[in-house]
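The structure under discussion appears below in the form of structure tokens.
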Amino acid sequence: MYPFLRTALALLSHRPQTGLSPDEPLVIGTRCWPWDADPFFELNNGRHLTLFDIGRFALGARLGLFRLLRQRGWGLVVGSSATQYRKRIRLFERFEIVTQMIGRDEKWFYFEQIAQKRGTPCSAAFIRTAVVAGPKGTVPTQDVADALGYPNWFGALPDWATSLEAADRARPWPPHPQVSSSASQ
């Protein structure tokens with residue numbers, strides 16, 4: 001089940017603040033609870049991504065994004081993610097989610113997120129997100145930056161992020177091979 005209570009607490013504890021740069025990292029402390037664990041009693045790989053969602057939501061709340069989304073009827077979408085898993089986070093261990101916006105282009109905002117224990121990275125994700133306006137499609141990042149009061153923030157992507165983004169664009173869509181639904185029955 002989606003951690004609605006954890007999400008609500010993160011949003012409430014990260015109210016909008018002025019004078020921040022959009023690329024300042026946000027750190028959230030948490031713990032691996034039984035509902036986060038897999039059969040090996042460690043943080044499930046899918047739960048890593050869910051907790052990274054909460055980190056991005058909290059950063060958005062701190063920047064005033066959620067108020068803006070409500071006012072304009074906008075939403076959020078993840079376009080892609082690339083995750084590295086290196087160290088286990090075991091049941092009941094405390095750890096932190098570090099979220100940092102590392103750049104944007106005309107359409108996408110790019111984030112690096114890290115799950116770490118006592119300063120040691122355990123997993124890291126590169127995530128591309130966009131703001132959407134229903135059937136009108138994505139909202140240009142400059143419009144979002146202007147509305148949030150950060151019109152001059154652009155943030156050049158590091159080389160490794162540019163390489164991941166290029167690889168994602170080169171990947172075919174729709175994916176291949178495709179299996180018809182009748183073949184899976």
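The values are calculated or read from the model by the stated rules, or taken from the named source; none is laboratory data. Here the structure is a predicted model, which means the values were calculated and not measured. Because the Cβ atoms are built from the backbone with ideal geometry, glycine has one as well, and the counts that use them run over all protein chains shown. The area values use the complete protein model at the heavy-atom level, side chains included, leaving out ligands, DNA and RNA. Shrake-Rupley method; radii C 1.70, N 1.55, O 1.52, S 1.80 Å.
Against the criterion of solvent-accessible heavy-atom surface with a 1.4 angstrom probe, His176, His14 sort, most first, into His176, His14. Computed with a 1.4 Å probe on the full set of protein chains, the accessible area for Lys87 sits at about 110 Å².
Between amide H atoms placed 1.01 Å from N, distances below 5 Å from Ser80 occur with Arg128, all of them 5 or more places distant or on a separate chain. Bridging of Lys117 to lysines at a Cα separation below 28 Å is possible for Lys87, once same-chain residues fewer than 8 apart are set aside.
Straight Cα distances below 24 angstrom link Lys136 to the lysines Lys107, with same-chain residues fewer than 8 positions distant left out. When you filter the chymotrypsin sites (Phe, Trp or Tyr not before Pro) in region 93-185 for DSSP loop state and at most 16 other Cβ atoms inside 10 Å of their Cβ, you are left with Trp153, Phe154. Ordering Pro25, Val139, Trp160 by the projection of their Cα atoms onto the charge dipole of the chain, which places +1 on the Cβ of Lys and Arg and -1 on the Cβ of Asp and Glu, puts Pro25 at the extreme positive end. The Lys107 and Gln84 beta-carbon pair, evaluated with R₀ = 25 Å, returns a calculated FRET efficiency of approximately 0.55. These residues, Glu93, Glu165, go from largest to smallest accessible area, 1.4 Å probe, as Glu93, Glu165. Given a 1.4 Å probe and the protein chains as shown, Ile28 ends up with an accessible area of around 30 Å². A simple charge model with +1 on the Cβ of Lys and Arg, -1 on the Cβ of Asp and Glu and nothing else charged puts the dipole of region 78-185 at about 620 debye relative to its Cα centre. Which whole DSSP H helices in the chain pass both tests: a Cα extent of 24 Å or more along the axis and a mean Kyte-Doolittle value no lower than -1.0? For the chain, where a helix must reach 24 Å along its axis and average at least -1.0, the hits are 45-63. Of Tyr150, Tyr85, the residue with the largest accessible area leads and the full order is Tyr85, Tyr150 (1.4 Å probe). The Cα trace of region 2-72 gives Rg and Dmax of 13.8, 44 Å, the first to one decimal, the second as a whole number. Over region 72-185, accessible surface divided per residue gives 61 Å², non-protein components excluded, 1.4 Å probe.
Once all protein chains are placed together, Leu164 keeps about 70 Å² accessible to a 1.4 angstrom probe. Under 1.5 on a/c is rounded, so check that first for region 75-185, then, if it is not, pick prolate when a/b is larger than b/c and oblate when it is not; a ≥ b ≥ c are the square roots of the alpha carbon gyration tensor eigenvalues. It is oblate, given that a/c is not under 1.5 and a/b is not larger than b/c.
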